[in-house]
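The values are calculated or read from the model by the stated rules, or taken from the named source; none is laboratory data. Note that the coordinates shown come from a computational prediction; the quantities given were computed from them, not determined experimentally. Because the Cβ atoms are built from the backbone with ideal geometry, glycine has one as well, and the counts that use them run over all protein chains shown.
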C-alpha cells in the first residue's frame, strides 16, 4: 500500500552509502594498478594504502551526500534538497511531471535498489532524480505521483489504498517481447568496431606496464621471424589467404561486439499495455522500467537500417515529452516486423497508412532547386579548375574539370532518388510522412495533438511557389519540405480545423481514464 504524502524530508535508503563504497572500490582499481606497476619494487606496499585511501574518501563523501539529501512528497509538488556547503532545493509541481521511470544499474540492482527519475520534459539536465530507494518504494512513488497528478489532493488519502488495489488487479497485456533468439538476430545487424577503439586506447599505456614496444614494427618483425616465418618468401596465395582471414576476424569481432551491446541493452525486453499506458522493461546490467501514459504519446516513428531493411526488420519509437536515456523518443520495438509493429501503433491511438491513401510528393520545382543547390559547389569547383588548368596546365584540364562535374552529377542523382521517396499524406485524423531511399523512415502524428502549423518560405521558395511545413509537435520535430504553397495552406487549414473543433479538457479526461 502506498504511503501518504509526508511533509517532512526523508533520506533515501541507507544502502545508498554501500553503493557509494562499492563504486569507490571499483574506481580505485585502475589508480592502484598504476601505482603498483609504476612504483618500482614497492608494489603492493604502496598500492594498497592508495586503494584503501580512495575507498575511505569515497565512503565519507557517500555518507555525507546521503545524509544531506532529502526529499519531501507534498500535496502540490515533490521537493528535493541537497548540498553540503551550499544547499540547493528544487521543487517540481506534479502537473509538470511527464513520466516517472525506474532504473537499476548493476550494483544497486544487486542490493535491491532503484533510481527514481521524475521526467519533466524540460531536457538539458532539468529532470529530478532520487538515488537510491527500494524497489517497493520506487514503485509506490511512481503510483503516488500519478495519483497526485490525476486526483484531487484533498481526497487522495482516502482513495489511495483503493486505487492501488484496483491497479494491482488490472491485468497488463504483453504487446512485444524479445527473447534470446531475437536478440541474437538483432545483434548480427548491430556491427560495431568500438572494441578496437577501446583496445587502442589501452595500448597507449601498455608500455608503462610491460617491457615491450608495441608500436615498433621492428619488434613485431623480429618476433615473427624468430619462429621461422619469412613474409617476403610467402607466395601471393598465402598473402591473400592471410588478408581474408584478417578480414573475417574483423567481421567476427565486430559482430560479437554489436551482439554484446544488444544483449546488455535489450535483455528481457518487455512492452506491456497497462490500464495507465505503456510499460517497458529491459536491460541486463542496467535494468530500466519506464511507464508512458498513452495520452502523452505525441507521435510515432518507424525507422530501419540499410541491411536490416532488406530482411524486413524495423524499429518503432514513441515521441514523448519525457526522455529515454537522453533521447526524446522512447524505443518500444527496436527490432520487429511490420505485423508486430501495427498492433503497438494501434494501441497508442495511431494507425499505419491505408493501402489506398493518397500520397503527395514534393513539387518538381523543389526537386530542380534542391538538386542544383547540392551540385552548386561542385560546379563552382569545376569552373575554377577549368580556368586555372587552362591557363597553367592545359594537359590536366579534362581530368581536373571532369571530377567535380561527375560529383555534381552524382549529387543531383542522389537528390532525385531522395525526392522520389519523400512523400506525405493526410487523412481524417493523422498526418504522415516518409523519406529515405536505402533505409526508409516514417513519421506519424495525430492532427489534434499538433500545437501549430507553420509555413516557411525562403527567397527561392517564394519565387518558385513552394514552402516547408513545420508541424509543432511536443517532444519532437516534424517538417515536410517542398510542399506546393496551395497544398501547404490546405494542410494548415485542415489541421487547425481539427484542433479548433476539439474540446481538450474533455479529451484529456477521457484519455486519462
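Go through the range 444-460 residue by residue and tally those that are more than 20 Å from residue 364 (Cα to Cα) and either in contact with a helix residue (DSSP H, G or I) (Cβ under 8 Å, 6 or more places away or on another chain) or modelled with pLDDT of 95 or more (or both). Outline the logic, then answer.
Applying the first criterion (more than 20 Å from residue 364 (Cα to Cα)) to the range 444-460 yields 444-454.
Adding the requirement that they be either in contact with a helix residue (DSSP H, G or I) (Cβ under 8 Å, 6 or more places away or on another chain) or modelled with pLDDT of 95 or more (or both) leaves 444, 447-448, 450, 453.
Here the count works out to 5.
Considering only residues of the range 409-428 that are free of Cβ contacts under 8 Å to residues at least 24 places away in the same chain and touching a strand residue (DSSP E or B) at 6+ places or on another chain (Cβ under 9 Å), which is surrounded by the fewest Cβ atoms within 10 Å (Cβ to Cβ)?
421
Conditions first: (1) surrounded by fewer than 19 Cβ atoms within 10 Å (Cβ to Cβ); (2) at negative phi. Residue 112 passes all but one, so which condition is the exception?
(2)
Given the range 5-83, what strands (runs of 3 or more DSSP E) lie entirely inside it while holding 3 or more residues that are at pLDDT 80 or above?
Numbers: elements: 6-10, 70-73, 77-82.
Per the criteria, 70-73, 77-82.
On the given criteria, is residue 456 within 22 Å of residue 492 (Cβ to Cβ), in contact (Cβ under 8 Å) with a residue 12 or more places away in the chain, surrounded by fewer than 15 Cβ atoms within 10 Å (Cβ to Cβ) and not assigned by TED's automatic domain parsing to the domain that holds residue 316? Walk me through it before giving the result.
Numbers: within 22 Å of residue 492 (Cβ to Cβ): yes; in contact (Cβ under 8 Å) with a residue 12 or more places away in the chain: yes; surrounded by fewer than 15 Cβ atoms within 10 Å (Cβ to Cβ): yes; not assigned by TED's automatic domain parsing to the domain that holds residue 316: yes.
Yes: the conditions hold for residue 456.
Take residue 480 and decide whether it is at pLDDT 90 or above, in contact with a helix residue (DSSP H, G or I) (Cβ under 6 Å, 6 or more places away or on another chain) and either surrounded by 15 or more Cβ atoms within 10 Å (Cβ to Cβ) or assigned to a strand (DSSP E or B) (or both). Before the answer, list the steps.
Details: at pLDDT 90 or above: yes; in contact with a helix residue (DSSP H, G or I) (Cβ under 6 Å, 6 or more places away or on another chain): no; either surrounded by 15 or more Cβ atoms within 10 Å (Cβ to Cβ) or assigned to a strand (DSSP E or B) (or both): yes.
So residue 480 does not fit the description; no.
Which condition does residue 403 not pass, out of (1) exposed (fewer than 14 other Cβ atoms within 10 Å of the Cβ); (2) over 28 Å from the mean Cα position of the chain (by Cα), if it passes all the others?
Failed condition: (1).
Considering only residues that are surrounded by 18 or more Cβ atoms within 10 Å (Cβ to Cβ) and in a helix (DSSP H, G or I), which ones fall in the range 84-95?
Taking the range 84-95 as the starting set, the residues that turn out to be surrounded by 18 or more Cβ atoms within 10 Å (Cβ to Cβ) are 92, 94.
If the condition is that a residue be surrounded by 18 or more Cβ atoms within 10 Å (Cβ to Cβ) and in a helix (DSSP H, G or I), then 94 is the only one that fits.
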